[in-house]
1. Taking the residues in the range 117-139 that are assigned to a strand (DSSP E or B), more than 25 Å from the chain's Cα centre (by Cα) and aliphatic (A, V, I, L, M) as candidates, determine which candidate is surrounded by the most Cβ atoms within 10 Å (Cβ to Cβ).
2. Confirm whether Asp75 is touching a helix residue (DSSP H, G or I) at 6+ places or on another chain (Cβ under 6 Å), open to solvent by less than 80 Å² (accessible area, probe 1.4 Å) and either over 18 Å from Gly104 (Cβ atoms) or not β-branched (Val, Ile, Thr) (or both).
3. Mind counting the residues in the range 151-165 that are open to solvent by 20 Å² or more (accessible area, probe 1.4 Å) and either modelled with pLDDT under 80 or aromatic (Phe, Trp, Tyr) (or both)?
4. Can you tell me how many residues in the range 53-72 are modelled with pLDDT of 90 or more and open to solvent by 80 Å² or more (accessible area, probe 1.4 Å)?
5. Is one or more of the residues making up the range 19-31 open to solvent by 70 Å² or more (accessible area, probe 1.4 Å), aromatic (Phe, Trp, Tyr) and closer than 22 Å to Ser195 by Cβ?
6. Could you tell me whether any residue of the range 176-188 is within 23 Å of Glu88 (Cβ to Cβ), among the hydrophobic types (A, V, I, L, M, F, W, C) and at pLDDT below 80?
7. Looking at the range 47-61, I want the residues that are closer than 17 Å to Arg100 by Cα and have a partner that is open to solvent by 40 Å² or more (accessible area, probe 1.4 Å) and part of a loop (DSSP other than H, G, I, E, B) with Cβ atoms under 7 Å, at least 6 apart or on another chain. Which pairs are those?
8. Please work out which residue is farthest from Ala142 (Cα to Cα), limiting yourself to the range 166-189 and to residues that are charged (D, E, K, R) and surrounded by fewer than 14 Cβ atoms within 10 Å (Cβ to Cβ).
Amino acid sequence: MNLRPRDLAGAVFALLVAALFVRLGFWQLARLRERQAENAIIATRRALPPVELPLHRLDPDALRDRRARARGVFDYAHERVWRGRTFEGAPGVSLLTPLRLADGSAVFVDRGFASSPDAAHVDAARYREGDTVAVTGLLLPAPRDRGDVNPAALRDSLPYPVLPVVIRLDDTTAAHPPGLWRWRPPALDDGPHLSYAIQWFSFALIAVVGTVVLLNKRAREGTSLA
């Protein structure tokens, strides 16, 4: 096979690119395994019996994705609106309401999504659902600083201690005020990693096959010229 140095250099470059594509494909497969392992942990935590609040010692990270139960009185006077939320593509807000517990502390309850054209303002009084309640939902760490939802500012502004977690009510809770939508539990799927891996391996195959075809074409051209 009589090939020019430029053709050989191009072939080497194409093979290096194909090797990179293969590496990226295996990286996506590794991410898929990581996601599956994380999903298994989350599923196991959700299947455990609900945590009863309040707890004397509470580790937010250890309790993440556990279900929790709490009974108390909603403090609507100190309710907060979490702006800039979306639900099925619609703009709106979340309603974060302190639930006063029997030991004098409180826990914020994410009661769900309310539609709002500007994703900032809503008539929260429309969505009240009683005072003394028992709630069950997913237990999550308190949100990080998100402008108007600043955990440190929230704790400092309230006249009672607040647990560093949020109970998020989901759509397994049957009763809710009209227009207030409970959040769906996050789906435990594999994500796009497998499809991305297939794409990268396909790109590598195309690069290799294309290089072989091009080299054969160059070789035939060189033979015919000879």
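The values are calculated or read from the model by the stated rules, or taken from the named source; none is laboratory data. Quick caveat, the model's predicted, so the values are computed rather than measured. Here the Cβ is made from the backbone with ideal geometry for all residues, glycine too, and neighbour counts use every protein chain on show. Side chains are part of the model used for accessible areas, which takes the heavy atoms of the whole protein and leaves out ligands, DNA and RNA. Shrake-Rupley method; radii C 1.70, N 1.55, O 1.52, S 1.80 Å.
1. To start, the set of residues in the range 117-139 that are assigned to a strand (DSSP E or B) comprises 132-139.
Going one step further and asking which of them are more than 25 Å from the chain's Cα centre (by Cα), we end up with 132-134.
Remaining after also requiring aliphatic (A, V, I, L, M): 133-134.
Values: Val133: 16, Ala134: 9.
Per the stated criteria, the residue is Val133.
2. no
3. If we filter the range 151-165 for residues that are open to solvent by 20 Å² or more (accessible area, probe 1.4 Å), which is where we start, we get 151-153, 155-157, 159, 161-164.
Now drop any that are not either modelled with pLDDT under 80 or aromatic (Phe, Trp, Tyr) (or both), which leaves 151-153, 155-157.
Matching residues across the range 151-165 total 6.
4. 2
5. The initial filter retains those residues of the range 19-31 that are open to solvent by 70 Å² or more (accessible area, probe 1.4 Å), namely 20, 23, 26-27, 31.
With the extra rule that they be aromatic (Phe, Trp, Tyr), the set shrinks to 26-27.
Subsequent filtering for residues that are closer than 22 Å to Ser195 by Cβ retains 26-27.
Yes; the residues of the range 19-31 include at least one that is open to solvent by 70 Å² or more (accessible area, probe 1.4 Å), aromatic (Phe, Trp, Tyr) and closer than 22 Å to Ser195 by Cβ.
6. Of all residues in the range 176-188, those within 23 Å of Glu88 (Cβ to Cβ) come to 176-188.
Among the residues that remain, those that are also among the hydrophobic types (A, V, I, L, M, F, W, C) are: 180-181, 183, 187-188.
Right, trim to at pLDDT below 80 and you get none.
Taking every residue of the range 176-188 in turn, none turns out to be within 23 Å of Glu88 (Cβ to Cβ), among the hydrophobic types (A, V, I, L, M, F, W, C) and at pLDDT below 80.
7. Pro54/Asp103
8. We begin by selecting, within the range 166-189, every residue charged (D, E, K, R); these are 168, 170-171, 182, 184, 189.
Narrowing the set further to residues that are surrounded by fewer than 14 Cβ atoms within 10 Å (Cβ to Cβ) leaves 171, 184, 189.
On the way: Asp171: 20, Arg184: 18, Asp189: 24 Å.
Restricting to residues being charged (D, E, K, R) and surrounded by fewer than 14 Cβ atoms within 10 Å (Cβ to Cβ), the top hit is Asp189.
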